[in-house]
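First up is the structure itself, then whatever we jot down about it.
Derivation of every value follows stated rules applied to the coordinates shown; laboratory data play no part. Just so you know, these numbers come straight off a predicted model, no measurement behind them. Cβ: placed from backbone, ideal geometry, glycine included. Neighbour counts: every protein chain shown.
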Amino acid sequence: MSGDVLIKVEGVSKKFCRSLGRSIKYGVRDVARDLVGLSSKPGELREGEFWAVDDVSFELKKGETLGIIGPNGAGKTTVLKMLNGIFMPDKGKVEVRGRAGVLIAIGAGFHPMLTGRENIYVNGAILGMSKKEINKKYDSIVDFADIGDFLDSPVKYYSSGMYVRLGFAIAIHCEPDILLVDEVLAVGDVGFRAKCYNKIAELQNNCTVVIVSHDMPTIARISSKCMLLNNAQPIFLGATEKAIQRYFSSFEREKTNIHSDGVYLVVCDIKTKVENDEYILTTGEPLEMNLELDSEVDAEQMTLIICFLSSSGEFVAEWSSWFNGVRLKLGKGRQKFHISLGPLQLNPGTYHMSLIVTSENRIEHLLWVHNGWIFRIEGKRIGNAPYEIEGSIS
Amino acid sequence: MNNKQVKLYQPDAQLKMGWFVIWREMFDELISSRELIWRLFVRDFLAKYKQTVLGILWALIMPLLMVGTFIFLNRAGVMNIGKTDVPYPVFALLGLSIWQLFATGLTACTNSILQGGSMVVKINFPKESLVIAALAQSIFGFLVRIGLLVVVFAIYKVIPSWSTLLLPLALIPLMLLTLGLGFLLSLLNVLMRDITYIVTLMTTFLLFLTPVLYPSPSSGFLATLNIYNPLSVLVTGARDLVIFGYMKEPSQFLSASLISLVIFLISWRIFHLVEARMAERV
């Protein structure tokens, strides 16, 4: 390895076995082959095995931060574990230089019966710190963890947030050259998370950070590049925004769920570019659409609602005819509507649109097309929130 | 920058390095894990005794019960233990204390990696430390029992020989044997959890096959067996050292020590070779 390269991963793959029985058998066989000096042929799959990580390569220099994203089970944590040498790769090779600060799981190595104070020493030793080093940094660790009187209670009485606080505080104080962080930080409260990210930013100058997270704003903020894993394979490695966009669009389409009670959707014509069944918009663009509904009921008045949901299923934006002062009349038979929405200030990502028609009292749902349309919002910025407010400052 | 340690992880890495080259790395790793071994020992020690009322007294209860049972069986005439050179309680407690260094040590070592399981899969550290820290627990138990022995020696007015000062040296082969077997069994235990049960059974069984609670028979089946059982001479040799000040069978003790050393070195090497696979199976 040359220069400032701290992590070099070349064509690394890892296989796992699905069945417990076979896993034992293979384990015994591999060990036996090791003992007699034969290769266990790690590069070949045996029955019941699969690649959990398939052909991953990257190189990280000092000061760089790699975000690893992807759906559950994509192999993100396995990559982290190979970087730490917990798992040996079955193909390829991993080279790392320097001491690794590892935060792969909450309080790894904490003993539930020991106090936080005692665990600091144990955990520090596991991370390779000497007693002298720990003593020197002890106050700083305690200060950072900020768990107050709990420091002298057994760790088993800690909340998961406190676990992470203490674990993270220790991991970053071992002066790592390489910091490996799994999703654990999500457990901490907002204040602590902010503190952690600030600390990571501070460390970034002197080390290489690899972080696994589902929290895209976080990834966007701290990663200098990003790898998207799906089904064990690296789909994308490069600019963070692009990786995040690919991530959002790689999700399987949410099932459309249509509930009709007397009103049917005949036509929905959205006036924008369509690509692979996805409606493409840029942040801040207005949206126009034509609807045609067929009604069996003769409702005096109705309300039409259009909602946007984030990819995690939360409602993030809504337009309602009633709220906009329009009292729509719905008679029997087919009727056409034209809807024009103002600038859609959604931040880049994937959203689903739902259409709801309710009776006047807005209790009875006459039509509910849930997750009927996918919108891909494009733009440069990955915000913290899905909605971007227009405003000015002086 | 360049003085930073570079680690290389790749399949069959150790096979490529060969069987012998790796010793240097193993020693370095052992030296640098001193701190960790101590911490793990303290951790297990605190965790073990914090929740008990009797605390370290538990290290005494089992040998006392065992010796008590034997005294009872002997007096009741169920069993004839034979003549011992010092009062039986002294003889048996001393032997049992030495034996338990092996037996509790082996049990603890065997379970060490499985018990450390959550740690093993979440962080990379020299796993030898877990096994060695487990043996340290057993050594601590032995030290506690020395306190009991002092009392028992005083009660029966037996004066240990000056050579007792060499006892720590005489116990090294036994500890190496324990550690060696512990390395192997802790690995096997990760693959097959049956090992825990087998070890518990075997240590109990071996206790009766080894002249711990009775003097070495001079003839018969057990006498023949004792020649091939390195544990026998390792336990009785150490005991003789305390009681008589010399070993009755120094050459046997020496060869048993050599066997222990070889077992230890081979097991350690195997452990180092295979430990990287353990995280996947724990």
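Quick look at the numbers
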read-out: Rounded to whole Hz, the Karplus (6.51, -1.76, 1.60) HN-Hα couplings of the range B:257-270, x for glycine and proline; value: 5, 5, 4, 4, 4, 5, 4, 4, 5, 5, 5, 4, 4, 5
read-out: Label-point gap, in nm, between B:LEU54 and B:TYR228 - each point 7 angstrom along Cα→Cβ; value: 3.8 nm
read-out: Long-range HN-HN contacts of A:GLU64 with modeled amide H, under 5 Å; value: A:VAL209
read-out: Virtual spin-label span in nm between A:LYS132 and B:ILE155, 7 Å along Cα→Cβ; value: 4.8 nm
read-out: Calculated FRET efficiency for the pair A:THR256/A:THR282, C-beta based, R₀ 30 Å, to 0.05; value: 0.75
read-out: Gain on full stretching of the segment that runs from B:THR196 to B:ARG75 - 0.36 nm per residue minus C-alpha separation; value: 40.1 nm
read-out: Chain B, helix-only ellipticity at 222 nm - DSSP H runs n ≥ 4, -39,500 (n - 2.57), divided by all residues, nearest 500; value: -24500 deg cm²/dmol
read-out: Calculated from backbone phi, Karplus (6.51, -1.76, 1.60) coupling profile of the range A:263-279 in Hz, x at Gly/Pro; value: 10, 10, 8, 9, 9, 9, 10, 9, 8, 7, 5, 10, 9, 6, 6, 10, 8
read-out: Degrees separating the helix B:128-155 axis from the principal Cα axis of chain B, which is the longest one; value: 20 degrees
read-out: Highest-fluctuation residue, B:ILE113, B:ILE198, B:ILE259 considered, GNM on chain B with Cα pairs under 10 Å; value: B:ILE198
read-out: Chain A: angle of helix A:240-250 to the longest principal axis, Cα-based, in degrees nearest 10; value: 60 degrees
read-out: Between helix A:116-126 and chain A: long-axis angle, C-alpha atoms, 0 to 90°, nearest 10; value: 70 degrees
read-out: R0 of 22 Å, Cβ-Cβ distance A:ALA194-A:LYS156: FRET efficiency to nearest 0.05; value: 0.20
read-out: Range in chain A, longest, excluding exposed trypsin sites (Lys or Arg not before Pro) [loop by DSSP; at most 10 other beta-carbon atoms within 10 Å]; value: A:19-254
read-out: J(HN,Hα) series, the range A:69-82, from Karplus relation 6.51 cos²θ - 1.76 cosθ + 1.60, nearest Hz, glycine and proline x; value: 10, x, x, 4, x, 7, x, 4, 5, 4, 4, 4, 5, 6
read-out: In nm, spacing of pseudo-spin labels at A:SER320 and A:ARG46 (7 Å Cα→C-beta vector); value: 6.2 nm
read-out: Sequence-distant residues sharing a close amide H with A:VAL53 (under 5 Å, placed H); value: A:LYS14
read-out: Exposure rule at most 10 other beta-carbon atoms within 10 Å, DSSP loop trypsin sites (Lys or Arg not before Pro): chain B longest free segment; value: B:158-282
read-out: Amide hydrogen neighbours beyond the local backbone of A:GLY101, cut-off 5 Å, H modeled; value: A:ASP177, A:ILE178, A:LEU179, A:LEU180
